[in-house]
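K.L.:
Handing you this structure, nothing more for now.
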Amino acid sequence: MGRELQKSKNKSSIPKQRQKGPSKKKILQNPIIAKHWNQKETLSQNYRRLGLTARLNHATGGQEKTIALLGLNDAKSSRADIAADSTANALNIVSKAPQSIEVEELEVERDPETGAILRVIGQKETAPNPLNDPLNELEDDDDVEEWNGFAMVPEKREGEQVNPVIQQLEEAARNGARKAPRTQSQREAEWVEGLVSKYGDDYDRMARDRKLNPMQQTAADIKKRVKKWRASQA
């Protein structure tokens, strides 16, 4: 039975689907990006390494989940399979005892007769938190400064490393060379000269001439080209 199915597949007119190899796409338009391009990485991986983004919106079809992106194997996390800043880590109950206990000195008040500790002086009373609730220590304080917009957001964080590729791209965008204005080619100048020699300044007749104007340029477009041609002749 399998042999018969294989024969029918070979006779089918539907082309066989072949697995495509890795993309050889390389960004050559920008010399700065082309200099730091890694051919063994995908477009998204190259852009992420250079500190850029391949698209403004979120990626469709999912996103590559790496260990660094997921925040796994972090020493600050209570578990290796969850990120340190995740809700699962904040609500995780660690049952094992701490390996080291910090020694602190406190001032206490004792009973003069029995010597029993009555109270601890200078210690901040904390509410019991058996479930390690991260919101347990937060208090409703009316003196907290409210957010005043983007004026509170610093332009650059202290100690933040500057990406050299981003810096080079910003310098190139700030001091980039402007494009040279478009000039008429010799063929276009000859075409405009033929129209002017036959019709003068009658642009409507130039636009209706199917022999000299086979591309059916409008009268306004021809007028603009004639004006540029006369400026180059002066």
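K.L.:
Across segment 192-233, what is the number of residues that are among the hydrophobic types (A, V, I, L, M, F, W, C), in a loop (DSSP other than H, G, I, E, B) and under 18 Å from Arg182 (Cβ atoms)?
P.N.:
1
K.L.:
Checking the structure you have, find out if any residue of segment 117-127 is more than 31 Å from the chain's Cα centre (by Cα), of a type in the set (S, T, N, Q), at pLDDT 70 or above and exposed (fewer than 10 other Cβ atoms within 10 Å of the Cβ).
P.N.:
no
K.L.:
Please determine whether any residue of segment 171-178 is surrounded by 10 or more Cβ atoms within 10 Å (Cβ to Cβ) and closer than 30 Å to Ile33 by Cβ.
P.N.:
yes
K.L.:
Follow-up question, since we're still on this one. Exactly one of (1) among the charged types (D, E, K, R); (2) modelled with pLDDT under 75; (3) within 24 Å of Ile166 (Cα to Cα) is unmet by Arg49. Its number?
P.N.:
So the condition that Arg49 fails would be (2).
K.L.:
So Pro15 passes all but one of these: (1) touching a Leu at 6+ places or on another chain (Cβ under 8 Å); (2) at pLDDT 70 or above; (3) not acidic (Asp, Glu). Which condition number does it fail?
P.N.:
Result: Pro15 passes all but (1).
The values are calculated or read from the model by the stated rules, or taken from the named source; none is laboratory data. All values reported here derive from a predicted model rather than from experimental measurement. Glycine gets a Cβ as well: all are built from the backbone with ideal geometry, and neighbour counts include every protein chain shown.
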